[in-house]
1. Indicate the helices, whole DSSP H runs only, in the chain that combine a mean Kyte-Doolittle hydropathy of -1.0 or more with a Cα extent along their long axis of 20 angstrom or more.
2. Ranking request for peptides 169-179, 125-135: highest mean number of other beta-carbon atoms within 10 Å first, then the rest in descending order.
3. Nothing charged except the Cβ atoms of Lys and Arg (+1) and of Asp and Glu (-1): what's the magnitude of the dipole of the range 106-217 about its Cα centre? Round to the nearest 20 debye.
4. From the backbone phi of the range 52-69, what are the Karplus-calculated ³J(HN,Hα) couplings (6.51 cos²θ - 1.76 cosθ + 1.60, θ = phi - 60°) in whole Hz, Gly and Pro given as x?
5. For the range 88-224, what is the convex hull (Cα atoms) projected area averaged across all directions, in square nanometres?
6. Order the peptides 55-64, 183-192, 111-120 from the highest to the lowest mean number of other Cβ atoms within 10 Å of their residues.
7. What is the calculated FRET efficiency for residue 212 to residue 18, with r their C-beta to C-beta distance and R₀ = 30 Å, to the nearest 0.05?
8. Among 47, 82, 208, pick out the residue whose Cα is farthest towards the positive end of the charge dipole of the chain, where Lys and Arg carry +1 and Asp and Glu carry -1 on C-beta, about the Cα centre.
Amino acid sequence: MSDPAVGAMPVLPKGLTVLPRPTQLLLTLTSPYARKCRMVALEKQLQLPISVEPPHAAGSRVPSLNPLAKVPTLLLDNGEAVHDSRVIVDYLEACAPQPQLIPSDPYQRMEVLRWQSVADGLADAMVLLFMEGQRPPERRDPAWIERQRAKISAGVALLEASVKPGQFLVGSTLTLADLAVVAALGYIGLRGSELLQEAGPQTHGWLNWMELRPSVADTAPPRA
């Protein structure tokens, strides 16, 4: 299933807190980076309107707002745009400090951001694999494909050795680490399901447990 037309606006849940500056998140519904931002907003009970705007679609505002022409892009009420999911989630954390998803303790903060880095790297590798797969077969680079698959396999192996169903990645409460990893695994499952199937029982059990959270279930990427 492809993303809806540019500007399509899903209905927002009621009873959410409005951000200090009214904002709009420009995205595609399949983007793992955008999903991470949406889950953070939902966990913090923030009202974050979204607009589906693939960067290369006719009428998309993304290229004029973000010099990299990438989603997610967060549009503020003063016309400024915030680029990159890491910057956006940091902004959301500052706007709504509770529940705290990025710990203040230096070591735990480092652990959370390190997991975010691993998760974003997994998503990056899957994006590259997917894009390579869109090329004509005779133009695909087998060595390049294998390098990306190796990154995903190594990341999934790290997760299998680290996660336990019913336990969060860092500390005793949900953090950005958990949401970032969920977004990455969800995207791998969407674009390269056979790679996710290689994950072991700990990873699958943990992901199934996390998928019980409303923020995770409500942002699941659309499937064909």
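1. 106-133, 142-162, 176-191
2. Put in order of decreasing packing, that is 169-179, 125-135.
3. Details: 11 positive and 12 negative charges, 27 e Å.
So the dipole magnitude of the range 106-217 works out to roughly 120 debye.
4. 7, 9, x, x, 9, 7, 4, x, 5, 7, 4, x, 7, 9, 10, x, 8, 6
5. With every direction weighted equally, the projected area is 9.2 nm².
6. On the way: 55-64: 14.4, 183-192: 23.3, 111-120: 19.6.
Answer by packing, highest mean first, reads 183-192, 111-120, 55-64.
7. Approximately 0.65, to the nearest 0.05.
8. 47
Bear in mind that the values in this text are calculations on the coordinates, not laboratory data. Keep in mind that what you see is a predicted model, and the values were worked out from it rather than measured. In this analysis, Cβ positions are derived from the backbone assuming ideal geometry, glycine residues included, and neighbour counts consider all displayed protein chains.
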